[in-house]
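Engineer: I'd like to ask some things about the structure below.
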Amino acid sequence: MIYLLRHGETIWNTLGRFQGQKDSPLTERGIEQAEQMAKLLKKEMAGSEQSFQLHVSPLGRTQETAARIERVSPLAARPESRLMEVTVGSWDGMTKFEINNEFPGMLDGSDAFDSYFKSPDGESFDVAGARAEDWIAGIQGPTVAISHGLFGRLVRGVYAGLSKREMLELPVPQDRFFRLCDGEFNLVGASADTISGVVA
């Protein structure tokens with residue numbers, strides 16, 4: 001059993017910057033989202049006799065989110081570098097407008113999903129996917145993980161055996177999280193539109 005969370009909204013999220021492995025702090029809304037997920041997680045784990053580990057990407061935005069989780073749940077965070085966001089190399093921290101100015105033509109033909117892997121010195125899809133697979137393979141017992149938007153897509157996709165395109169089109173909410181169990185994933189905290197199974 002894995003509960004997979006994404007960090008709350010950051011300043012760079014609102015500006016449309018590729019964060020990668022650089023960082024920016026949570027916005028006020030991001031803090032509220034983290035606190036909402038903390039309450040959802042506490043409710044989800046209530047009555048469970050299982051002991052959960054808490055794996056957290058070492059980047060600041062995930063650590064900020066983890067701090068809100070730890071305030072309401074008896075979990076102690078353990079930094080896990082394999083959960084870090086996919087880096088786009090020299091594009092980390094840049095907007096698409098800035099990339100088009102400094103690296104003309106590099107984003108030609110890309111869309112909202114595959115543009116992450118167009119960077120000349122960024123992490124490739126295969127390398128990032130192998131990192132996700134390695135982390136999943138090493139899980140021992142029930143785990144709560146706090147990661148990132150793009151990398152969270154890869155974790156869910158690898159776990160459920162999705163194609164590259166299916167992975168990259170997965171939703172990345174910041175106020176709810178996913179339960180991964182028996183080769184499937186389900187959105188926790190959803191209304192009637194629960195996202196589950198292999199394609200979301």
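Engineer: Write down the percent of antiparallel bridges among all DSSP beta bridges whose residues are both part of the chain, to the nearest 5.
Structural biologist: The antiparallel proportion sits near 50 percent.
Engineer: May I have the pair-distance distribution P(r) for the stretch 50-101, computed from all Cα-Cα distances with 10 Å bins from 0 and rounded to whole percent?
Structural biologist: The distribution over the stretch 50-101 is 22, 38, 22, 14, 4, 0, given as percents.
Engineer: Here is a further query. Can you list the lysines whose alpha carbon sits under 21 Å from that of Lys96, skipping same-chain ones fewer than 8 residues off?
Structural biologist: Those lysines meeting the cut-off are Lys22, Lys118.
Engineer: What does the chain give for Rg and for Dmax, in Å, if only its C-alpha atoms count?
Structural biologist: So, for the chain, Rg and Dmax equal 16.4, 55 Å respectively.
Engineer: Which GluC sites (Glu not before Pro) from the stretch 1-82 combine a DSSP loop assignment with at most 16 other Cβ atoms within 10 Å?
Structural biologist: Of the GluC sites (Glu not before Pro), the ones in loops of the stretch 1-82 whose Cβ has at most 16 other Cβ atoms within 10 Å are Glu49.
Engineer: Something else about it: Can you give the charge dipole size of the stretch 2-197 about its Cα centre, rounded to the nearest 20 debye, using +1 on the beta carbon of Lys and Arg and -1 on the beta carbon of Asp and Glu?
Structural biologist: 460 debye
Engineer: While we're on this one: Which of Tyr116, Tyr159 comes first, and how do the rest follow, when ranked by fewest Cβ neighbours within 10 Å?
Structural biologist: Numbers: Tyr116 23, Tyr159 20.
Final ranking by Cβ density, sparse to dense: Tyr159, Tyr116.
We did not get these values from a lab; they are worked out from the coordinates using the rules stated. Note that the structure is a prediction, hence the values are computed from the model and not measured. Don't worry about glycine lacking a Cβ; one is built from the backbone with ideal geometry, like all the others, and counts go over all protein chains shown.
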